[in-house]
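Data block below; observations after.
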Amino acid sequence: MRIRVTLAFEDALSLPISYQQALQAMVYRMIGDKELQHFLHNQGFSFENARFKPLCYSWLQGAYRVQGHRLTFTSPVTFSISSCWELPVHMLMASLEERKEFHLMGTPVRVEKVERVKEPVFTEDMTVRTLSPITIYSTLYTSEGKKVTHYYDPQDRKFSELIQQNLIKKAQAFCLGDFTGQPFRIQPVGSSASRRQRTVQYKGIIIKAWHGTFRLSGNPELKRLAYQSGVGGKNAHGFGLVEVYSPSGSRQ
């Protein structure tokens, strides 16, 4: 289930380039229910010693200009919130009916519109584009035993393999079924110049992620989960939300 939220504000909205932590905090405030906030932020669902949080959201969409290390948005902006678990999205919609005013890094913002996004039909092959960039990574160790995080480029074979494994684990964590052995593949569309790497600081950690257009093939239910709960890792931090893309420019 997915909703698109339109925010309005006076004058301009100035944010640091790495504003994702502040956006995440506002999303959780929007949910309203303290118990659900705590579960989504601190707990989530577990599988094989990993925790998966069934909430994903886009970066802000709208007109902006870059000024040094800051982004200055003009009103209005939109962003999308999505989950394979309908409860948090329903709670968001109910909460936003009652409360319209929030703050994003000190700037008052007003909820102008909340609209439910119609879910697309999931076919064997489909093309998507990112609303927030995709990240996938492995934790490796140097010869000295130091832990390092390796982020994979979309051209790397491991990029698709790890995203497939991540989706299968999410499905089991969210009690959606065992998709072990089911096919899934994600491939970049277009030249490398059409993809944009984004480097974000989140709580002092550097995250590398990729914006672009991708082709998804394989099991339709795994594609549904990728659409609903995000592609790759760190979805609850605002990474991996995609929309179905068509040459006509329609959005789903």
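The values are calculated or read from the model by the stated rules, or taken from the named source; none is laboratory data. Everything numeric here is computed off the predicted structure, so don't read it as measured data. All Cβ positions, even for glycine, are placed from backbone atoms using ideal geometry, and neighbour counts span all protein chains on display.
Quick notes
- Taken across the stretch 98-112, residues that are more than 22 Å from Pro133 (Cα to Cα), buried (at least 20 other Cβ atoms within 10 Å of the Cβ) and not basic (Lys, Arg) do occur, with at least one present.
- Figure legend. Inter-residue proximity from the stretch 93-116: first residues in contact (Cβ under 8 Å) with a residue 60 or more places away in the chain, second residues part of a strand (DSSP E or B) and of a type in the set (Asp, Glu), beta-carbon distance below 9 Å, spacing 6+ or different chains. Indicated pairs: Pro108/Glu101; Val109/Glu101; Arg110/Glu101; Val111/Glu101.
- Filter pass, Leu13 being touching a Phe, Trp or Tyr at 6+ places or on another chain (Cβ under 7 Å), assigned by TED's automatic domain parsing to the domain that holds Gln67 and modelled with pLDDT of 95 or more: yes
- Residue in the stretch 136-155 that is of a type in the set (A, V, I, L, M, F, W, C), assigned by TED's automatic domain parsing to the domain that holds Gly232 and buried (at least 20 other Cβ atoms within 10 Å of the Cβ) present: yes
- Being assigned to a loop (DSSP other than H, G, I, E, B), over 17 Å from the mean Cα position of the chain (by Cα) and either at pLDDT 95 or above or of a type outside the set (Lys, Arg) (or both) is a property that Phe239 lacks.
- Selection of strands (runs of 3 or more DSSP E) fully inside the stretch 1-108 by the criterion of at least 3 residues being more than 20 Å from the chain's Cα centre (by Cα) returns 12-16, 64-67, 70-74, 101-104.
- Residue within the stretch 121-131 that is among the polar types (S, T, N, Q), at pLDDT 95 or above and not in a strand (DSSP E or B) present: no
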